[in-house]
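None of the figures in this text is laboratory data; all of them are computed from the coordinates on show. The structure presented is a predicted model; accordingly, all values stated were derived computationally and were not measured. Neighbour counts run over all protein chains shown; Cβ positions are idealised from the backbone, glycine included.
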Amino acid sequence: MQLVQHTYDPAYLQTAKKQSFLSRFFNWCNGQEKYRFGWLAITLTIHGCILAPVTVLSIALCGNNFVLWGVAIGAIAMALVTNLAAMPTKVTIPVFFLSVLLDLAVIVSAFASIV
């Protein structure tokens, strides 16, 4: 008669899966919900008082390209609408960063068009 002996390996470790940058970013955005009014103030201040005037000035000085006007208006509109619609921060923060990138792209495009 043959006995089967099962072995137990106590050294088995289950490695934790690494989260991607996007999933960590969206988890951080969810955690910012308690600061939603601060994010509203930051968004309106940075966009309305700093980026929008600089973007409009760069478009006006570099030839008044109609497409750039549309992109600049769309960028501030999407940041403004998501905040005024009282959407959660998991939506408003990524939209804000996207609109900032759009404004920076418009500024670079405006100055690249005159070179």
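Ignoring lysines fewer than eight residues from Lys90 along the same chain, the ones with Cα atoms less than 19 angstrom from its Cα are Lys34.
Can you give the FRET efficiency to the nearest 0.05 for Ser23 and Leu98, using r as the Cβ-Cβ distance and R₀ = 25 Å?
Values: r = 17 Å, r/R0 = 0.69.
Result of the calculation: an efficiency of 0.90.
Paramagnetic label reach from Arg36 (point 7 Å along Cα→Cβ; backbone nitrogen cut-off under 16 Å): within the range 76-115, residues 80-96. Estimated purely from DSSP H runs of n ≥ 4, each contributing -39500 (n - 2.57), the mean residue ellipticity at 222 nm for the chain is -21000 deg cm²/dmol once divided by its residues.
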